[in-house]
Amino acid sequence: MANFDHDTVVPYKDSNLNKKGQVAEMFNDISGKYDFLNRLLSGGIDLYWRRKALSHLKSIKPENLLDVATGTADVAIMAHKQLKIPSITGIDISDGMLDLGRKKIKSLGFEKNITLHNGDSEAIKHTDNSFDAVTVAFGVRNFQNLELGLSEILRVLKPGGKLVVLEFSRPKNAVVKRIYDAYMKFITPKVGHLVSNNREAYAYLDESIRKFPEGQRFTTLMDQIGYDKPYLKTLSFGICTIYCGSKKQ
């Protein structure tokens, strides 16, 4: 398995935990403020990004979905509402995030349709060819081994099933890029620290985005792993990107 620069980016430089352990610890720590900070720091546009990503599943009409790095279940809940998917499984390595997700699901009465479990993207506890579709929203940057995680997702997809990844990227327009870089480097960590008391989490966000193999590098990786006809769609001046690929029939 190849290694990528972002695989080695960790939230806490002085921790003895590996990336996976540090990411779980980080999300457990900020879980109570995570949804609020998402809406605040993105101006609410993250909800639009999630809806756009899920629209790429409309054509296959999935009956069951795996949401990897589900967090507080935003995408899982939206997928049930937007696409009427009857069976959704969400996995995440942070119990703090999962607890909040379960509360949201219960408050909406979706317990029969959405179940959440502690689960690792690099060792998915489901048999081959289990799911019609898999989603990962803002989670692939946190994989300890990107290639292994994408390979596991391909394994559990049914033939003809589709992966949709939603991830931050860096704008190419020079003016937008300058504004974006300043926002991510200075404003995001400060606001994150004030609200969640965890500056490292939002400094990690910026560094992991900078070192992530975005754009054509990511679709090339998908192709090399075995995804059929991978493609990408940029959103909001390239601040965010949707990546899609299918499992060959």
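The values are calculated or read from the model by the stated rules, or taken from the named source; none is laboratory data. Please read these numbers as outputs of a predicted model, since none were measured by experiment. Backbone-built Cβ (ideal geometry, glycine too); neighbour counts: all protein chains shown.
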In this structure, is GLU25 more than 15 Å from ALA137 (Cβ to Cβ), at pLDDT 85 or above and in a helix (DSSP H, G or I)? yes
Could you check how many residues of the range 56-73 are more than 16 Å from the chain's Cα centre (by Cα) and more than 29 Å from ASP95 (Cβ to Cβ)? 4
When ASN142 is evaluated against the numbered criteria (1) modelled with pLDDT of 95 or more; (2) under 15 Å from LYS20 (Cα atoms); (3) crowded, with 24+ Cβ neighbours inside 10 Å, which criterion, by number, is the only one it fails? (1)
If you check LEU166 against the conditions, is it part of a strand (DSSP E or B), closer than 21 Å to PHE4 by Cβ and within 17 Å of the chain's Cα centre (by Cα)? yes
Residue that is at pLDDT 85 or above, surrounded by 15 or more Cβ atoms within 10 Å (Cβ to Cβ) and closer than 18 Å to GLY43 by Cβ, where the choices are PHE212, PHE168: PHE168
On the basis of being more than 22 Å from ILE153 (Cα to Cα), modelled with pLDDT under 95 and not aliphatic (A, V, I, L, M), does GLY109 make the cut? no
Checking ARG39, ARG50 in turn, the sole residue that is charged (D, E, K, R) and touching a Leu at 6+ places or on another chain (Cβ under 7 Å) turns out to be ARG50
Restricting to the range 47-64, what's the tally of residues that are buried (at least 20 other Cβ atoms within 10 Å of the Cβ) and either assigned to a strand (DSSP E or B) or of a type in the set (D, E, K, R) (or both)? 1
Being in a helix (DSSP H, G or I) and free of Cβ contacts under 8 Å to residues at least 60 places away in the same chain is the filter here; which residues of the range 28-45 pass it? ASN38, ARG39, SER42
Being of a type in the set (Val, Ile, Thr) and within 22 Å of LYS162 (Cα to Cα), is that true of even one residue in the range 94-117? yes
Could you check how many residues of the range 215-235 are closer than 20 Å to LYS52 by Cα and buried (at least 17 other Cβ atoms within 10 Å of the Cβ)? 4
